[in-house]
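Note sheet for the following structure.
The values are calculated or read from the model by the stated rules, or taken from the named source; none is laboratory data. Note that the structure is predicted; figures quoted are calculated from it, not measured. Using ideal geometry, Cβ is built from the backbone for each residue, glycine included, and neighbour counts are taken over all protein chains shown. The protein model used for the area step is the full one, side chains on, heavy atoms only, and it has no ligands, DNA or RNA in it. Shrake-Rupley method; radii C 1.70, N 1.55, O 1.52, S 1.80 Å.
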Amino acid sequence: MKAPVRVAVTGAAGQISYSLIFRIASGSMLGPDQPVILQLLEIPPAMNALQGVLMELKDCAFPLVAGVIPSDDPNVAFKDADFALLVGSRPRGPGMERSDLLKANGAIFTVQGKALSDHANPDCRVLVVGNPANTNALILLKSAPKLNPRHITSMTRLDHNRSMAQIADKVGCHSSDVEQVVVWGNHSSTQYPDISYATAAGKPVRTAVADDWYKNDFIPTVQKRGAAIIKARGASSAASAANAAVEHMRDWALGSKGQWVSMGVYSKGNPYGIDEDLMFSFPITCEHGEWQIVGGLDRDAFSMDMIKKTEQELQAEREAIADMFK
Ligand SMILES: NC(=O)C1=CN([C@@H]2O[C@H](COP(=O)(O)OP(=O)(O)OC[C@H]3O[C@@H](n4cnc5c(N)ncnc54)[C@H](O)[C@@H]3O)[C@@H](O)[C@H]2O)C=CC1
Ligand SMILES: O=C([O-])CC(=O)C(=O)O
């Protein structure tokens, strides 16, 4: 057995965490030979609900759980953390855009960025899930000077997985046979799910589907899937979001085995000429605990236009938080 690693999860009594924590504890994220110490952060009014989660966690008797530390203090929850999954923040309701949450949630990420910087393992790998995830991650990056900017990421894996599933339905294959999907930009309704390089069972997808389906059905379906789930469930996606978080961290830590994944990463030094001070989702491969952007992809005029729109939205979100860093 390996030595335990410390995994911090915020919003630990919320909807996403109710799936996420149990998946991490079972070994789905870091592997069946990796014990974990779970460090679970909540706000004081939710500490009772968190006690219930702890009771259930105990009742699972997971062999890989080497300790559980619940806290309402980020300085305690992030102490020596090797991985941090930042879920805790308000979800949107019907009719809202995720960027409407910036005012309510942005401040959380200055406080938690500082706490991570001061107390976590300096190599800590961070995933921001709470919305608006890209710009919250940018706030965190700017608040956490002791962390490696390459180790702060935001989640677009759910959009990536949604894209694979939509393509599989359309061409009639299994979603696991779909490869080389890319989600560019923001986890928002401007995101660009790009099938230009995608294959399904080894065959190019772009020529197998009609242009009209791609542009007028697939792209809006993926862009608005979160809102469709809120409409159907009366609450935002939780189990699929937890699954995406597990897969994001798993592939980052253990390698994507040559597969392309989508991750929001700091854009500094990116090969596509994107503004260099954004958290932007790119095509990524992971190896040995580090990510690399897949370079050298040709983008046609349609793709360039879609990428520009999502970049501009992220620039506007950055403008909206500029006052926090004056
Ligand atoms: N990036 C993505 O793909 C996705 C992101 N999300 C986002 O994830 C976030 C969480 O969603 P749910 O779990 O469904 O919400 P939820 O409301 O069920 O749970 C959020 C939890 O965070 C806690 N919390 C609030 N402020 C906190 C703080 N400062 N520190 C620690 N905990 C805090 C709350 O007490 C609550 O228990 C939302 O912002 C949602 O929009 C949801 C789905 C996908
Ligand atoms: O749409 C939302 O607010 C929740 C979310 O981020 C998603 O399901 O992609």
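Structure values in brief
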item	result
Unique residue being in contact with a Gly (Cβ under 8 Å, 6 or more places away or on another chain), of a type in the set (A, V, I, L, M, F, W, C) and surrounded by fewer than 16 Cβ atoms within 10 Å (Cβ to Cβ) when the list is ILE43, ILE69	ILE43
Any hit, segment 180-188, residues being farther than 22 Å from MET29 by Cβ, within 12 Å of ligand 1 (Cβ to nearest atom) and in a loop (DSSP other than H, G, I, E, B)	yes
Hits in segment 61-75 (condition: within 16 Å of ligand 1 (Cβ to nearest atom) and touching a Pro at 6+ places or on another chain (Cβ under 9 Å))	ASP72
Given (1) within 22 Å of the chain's Cα centre (by Cα); (2) more than 21 Å from ALA241 (Cβ to Cβ); (3) crowded, with 16+ Cβ neighbours inside 10 Å, number of the condition SER99 does not satisfy	(2)
Residue among HIS151, HIS119 that alone is open to solvent by 40 Å² or more (accessible area, probe 1.4 Å) and either touching a strand residue (DSSP E or B) at 6+ places or on another chain (Cβ under 9 Å) or away from ligand 1 (no atom under 13 Å from the Cβ) (or both)	HIS119
In segment 205-254, residue nearest to the chain's Cα centre (by Cα) [restricted to those that are more than 11 Å from ligand 2 (Cβ to nearest atom) and hydroxyl-bearing (Ser, Thr, Tyr)]	THR221
So ALA244, is it open to solvent by less than 10 Å² (accessible area, probe 1.4 Å), of a type outside the set (Asp, Glu) and closer than 30 Å to ALA201 by Cα	yes
Selection status of ILE284, over 28 Å from LEU101 (Cα atoms) and within 18 Å of the chain's Cα centre (by Cα)	no
Segment 223-253: number of residues that are closer than 18 Å to PRO94 by Cα and within 12 Å of ligand 1 (Cβ to nearest atom)	12
Filter result (aliphatic (A, V, I, L, M) and either surrounded by 14 or more Cβ atoms within 10 Å (Cβ to Cβ) or in contact with a helix residue (DSSP H, G or I) (Cβ under 8 Å, 6 or more places away or on another chain) (or both)) within segment 50-66	LEU50, VAL53, LEU54, LEU57, LEU64, VAL65, ALA66
Unmet criterion (only one of (1) surrounded by fewer than 15 Cβ atoms within 10 Å (Cβ to Cβ); (2) within 14 Å of ligand 1 (Cβ to nearest atom)) for GLY202	(2)
